[in-house]
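This report refers to the structure that appears directly beneath it.
Nothing in this text is a laboratory measurement; each read-out follows from the coordinates by a stated rule. Nothing here was measured: the structure is a model prediction, and the numbers come from that model. Cβ: placed from backbone, ideal geometry, glycine included. Neighbour counts: every protein chain shown.
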Amino acid sequence: MTNQDEHKEGIGGMINPRRYGVERVAYLLMRLSGLGLLAYFIGHIYETSTILKGQVGWNEFLELTQTNAGHAILAIVIAMCVFHTVNGIRVMLGHGGIGVGKPARPDYPYTPASQNIRHKIGIYSAIILAAIAMMYGLTVMFGE
Amino acid sequence: MRESIIMKIHYGTALAAVALVAVHILMRLTQGFAESLQYDSVITNYKFLPYAGMLEIILILLSIHGFNGLRVILLELKQGRAYEKAVSYGCIVAIIALIVYGSRTIIMVNTGMM
């Protein structure tokens, strides 16, 4: 097997979550949740347009979404939405220089000041809040 | 447009959308999730002008934020003058198309043209 330069791995290298810690996992989840939410948003715009077909058209489409599978997909959407929001606020704060530490001379072992415990807590909080929101969404949808 | 300005728009649309989508979801929960999706309830929501206006603003904010996010992801994957132009203009066309399609629903239901 040839020893491939990690910078030439393409999409496979970009989405590999096993290296570089939880920050890379957050990077990957941010993009996946973003793409998922965009797909849901487009679907939601189409879904709501069925109201123009009148009550029959609306109810027909509603029957498709008000199933166990539909509720499960919506629960995943809720989780993606919460993660994307909380992690997005963390990223915004980081870009604004908040919580990234002070500039210092790069000494061995070159630990990045920006990848500190505050941002790690932010990432784990986003994951936990997403899970809680998903559970709450499932309770609301299946509780009725 | 400079990328720094585009990112400010990206973050601005995100923060505004978070607040408005929260109101949109709370409307579903205060009415009861299943009841709020009934035909008459949805029509009443659309006919309430402030709420219809809020839906229109959410549509614009999320279209811009969503397709700019897609643009950023696609530009991370591959670079090149022609590719970047194609992605950027493609996303602008998609934003306009989605806003027009969504606005059509809001305007037609709000004004009773259905």
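Results for (1) surrounded by 11 or more Cβ atoms within 10 Å (Cβ to Cβ); (2) more than 12 Å from every other protein chain (Cβ to nearest Cβ); (3) touching a residue at least 12 places away in the same chain (Cβ under 8 Å); (4) over 28 Å from B:F67 (Cα atoms), shown as yes or no for each residue.
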| position | (1), (2), (3), (4) |
| --- | --- |
| B:M1 | no, yes, no, no |
| B:K8 | yes, no, no, no |
| B:G12 | yes, no, no, no |
| B:H24 | yes, no, yes, no |
| B:F33 | yes, no, no, yes |
| B:L37 | yes, no, no, no |
| B:K47 | yes, no, yes, yes |
| B:P50 | no, yes, no, no |
| B:G53 | yes, yes, no, no |
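Pairs are defined by a Cβ separation below 7 Å, a sequence spacing of at least 6 or placement on different chains, a first member in the range A:78-93 that is surrounded by fewer than 20 Cβ atoms within 10 Å (Cβ to Cβ), and a second member that is among the basic types (K, R) and not in a helix (DSSP H, G or I); no pair meets this definition. Selection within the range A:124-143: residues that are away from chain B (no Cβ under 12 Å) and among the small types (G, A, S). The member of this set that is farthest from A:G88 (Cα to Cα) is A:A131. Residue-level analysis places A:T85 among those that are hydroxyl-bearing (S, T, Y) and assigned to a helix (DSSP H, G or I).
The residues of the range B:58-90 that are part of a helix (DSSP H, G or I), more than 18 Å from A:M30 (Cβ to Cβ), more than 9 Å from chain A (Cβ to nearest Cβ) and without any contact (Cβ under 8 Å) to a residue 40 or more places away in the chain, listed by number, are B:I60, B:R81, B:A82, B:Y83, B:E84, B:K85, B:A86, B:V87, B:S88, B:Y89, B:G90.
For the range A:27-67, the set of residues classified as surrounded by 18 or more Cβ atoms within 10 Å (Cβ to Cβ), more than 9 Å from every other protein chain (Cβ to nearest Cβ) and within 16 Å of B:L59 (Cα to Cα) consists of A:Y40 only.
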